[in-house]
Amino acid sequence: MTKRILVTTMIIMTLVGLTLWGSQPLSGSWTSGVTFRPNGDFYQFIRSLESLLVVDYTMPGFAATSTSQFQLLGYIWQEFEVIGTLGAFNCQVDFLFGPSTADYIYAQFIGSISIAGLDMSLHFAQLSDAVLGGVADGFAIRLAGSVGAVDVVSITEMGAKIADADFDGITIVHAGSGLERSYATDPVVFGQGFTGQKVTVSGLSFGCVNDLTTTLYITCAGFDFIKFELDEIAFGLSWLTLDLDLTFQTTVKTIGLTPALVLGEALCIDVYAEVLTDAPVGTNTTNTIYDAYNSITGISIYGLGFSYSWDGITVKELTVFDTGRYAITTHEYGSQLEEIVESIENGHEYYVNYWELISIEVERDGCCGGTNSFLANTYFNKTETALFGWGMTHLEADIAVSSTISFTTELEVSTSGVDYIGFGIEVAW
């Protein structure tokens with residue numbers, strides 16, 4: 001109880017402080033929307049209810065942002081962020097709270113400075129016991145510099161990891177709603193102490209190798225791995241490149257050789273294709289795991305795309321040939337053709353029943369400021385035997401009544417009827 005009182009007091013004091021500090025006015029935006037299921041029962045009538053309030057406050061050398069996120073389940077996130085500059089020193093501070101339970105969840109501090117071509121930064125983060133796997137805290141020191149064309153990055157981990165080419169940082173998921181917040185610093189243990197050292201050297205060149213990246217990683221338990229990477233090896237073929245990864249660990253060597261096609265764009269048509277190979281992943285008696293290929297057996301075209309824009313109108317078409325491996329992401333994730341495995345890894349939603357999309361998007365200046373927009377996405381069912389096989393149409397409209405106020409509406413209709421209808425408002429100041 002005492003902890004919750006302290007957390008609630010901190011939230012109130014921070015909000016009041018941001019409001020009263022200095023004489024500059026607040027700016028920000030408020031976005032709210034609700035969608036309904038006309039065919040649902042009483043308890044399922046409201047499909048979603050979301051609201052996002054962002055308040056920005058700028059003062060000399062500093063910018064502060066408060067982000068409040070609400071959903072049908074309640075008050076999900078309260079985040080505070082401050083970014084500032086003091087001479088050559090830059091800093092960033094983030095706090096995340098779970099207001100519905102009055103829980104402090106996460107804090108992050110990043111301080112950086114550049115001196116004589118050397119970039120130095122300190123990352124500190126703390127995770128509370130409100131998160132599954134907490135409590136944890138720790139910090140990391142990052143040093144980066146260049147020697148000629150060679151770039152060197154050193155990361156010393158003292159109980160924390162920071163986002164880089166091998167690591168995405170930390171993502172905190174609200175279990176009830178699925179909403180996420182991501183940050184660069186991930187505390188992995190409780191209490192500070194040496195946990196790892198990573199050194200990455202890139203831009204190395206010798207002989208026929210133009211760009212070699214080497215990464216060495218050592219933990220408190222000893223040697224973890226050393227990795228060599230070569231990207232986009234052309235071998236004189238403009239239409240084919242190869243990415244090579246060679247990783248040595250204590251008892252295992254992993255080889256990855258990934259071919260990729262470079263087809264470019266013909267007019268306004270995109271061809272989605274991959275190189276076919278005949279070698280499966282396997283392990284031999286020398287503890288070498290192979291993800292390499294003996295030979296290239298062919299080229300598979302798994303999708304086609306068409307896109308053209310003129311005078312504020314964009315027409316787009318996507319067709320998926322290999323629906324077992326690839327899918328079209330939902331409009332919230334860009335309506336892109338993406339591998340299903342990649343969509344799952346990135347948390348992207350996609351349609352499993354549709355193999356083709358025809359989209360029309362129109363944008364026009366509003367009569368009183370702002371922008372009016374209209375989107376119509378029509379999807380075709382992959383199991384339908386009739387011509388075209390219409391499956392679902394998604395409609396969105398954004399109407400600006402002024403430069404700061406706009407109303408939104410959306411409608412989704414499928415073969416089963418009206419799936420949902422929604423209304424929203426966005427206010428900026």
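Each value in this text was obtained by applying a stated rule to the coordinates, not by laboratory testing. These numbers were taken from a predicted model, which means no experiment stands behind them. Please note: Cβ atoms are built from the backbone with ideal geometry, for glycine as well, and neighbour counts cover all protein chains shown.
Here are some notes:
- Once both labels are positioned 7 Å from their Cα atoms along Cα-to-Cβ, the gap between LEU26 and LEU216 label points is 5.2 nm.
- ³J(HN,Hα) computed for each position of the range 165-182 - Karplus, 6.51 cos²θ - 1.76 cosθ + 1.60, integer Hz, glycine/proline x: 5, 9, 8, 9, x, 10, 10, 9, 10, 7, 4, x, 9, x, 5, 10, 9, 10
- Coupling constants for the range 94-99 follow from the phi torsions by the Karplus curve (6.51 cos²θ - 1.76 cosθ + 1.60, θ = phi - 60°), and in residue order they are 10, 10, 10, 10, x, x Hz; glycine and proline get x.
- Excluding same-chain neighbours fewer than eight residues apart, the aspartates and glutamates reachable from LYS227 by a Cα-Cα span under 20 Å are ASP151, GLU157, ASP164, ASP166, ASP168, ASP211, ASP243, ASP245, ASP291.
- Annotation for the range 86-142 versus the range 43-58: alpha-carbon center distance of 26 Å.
- Projection of the Cα convex hull of the range 107-233, averaged over all directions and equal to a quarter of that hull's surface, yields 9.9 nm².
- Separation of the ALA116 and ASN90 label points, Cα + 7 Å toward Cβ, nm: 2.1
- Reachable aspartates and glutamates from LYS316, criterion Cα separation under 15 angstrom, eight or more residues apart if same chain: GLU265, ASP270, GLU356, GLU361, GLU363
- Projecting label points 7 angstrom from Cα along Cα→Cβ for ASP164 and VAL315 puts them 4.9 nm apart.
- Kirkwood Rh in Å, taken over all unlike Cα pairs in the range 298-429: 16.3
- Value in Å of the Kirkwood radius, where the range 378-429 supplies the Cα pairs that are averaged: 12.9
- Candidates per GluC sites (Glu not before Pro) in the range 331-429, loop by DSSP, up to 14 other Cβ within 10 Å: GLU349
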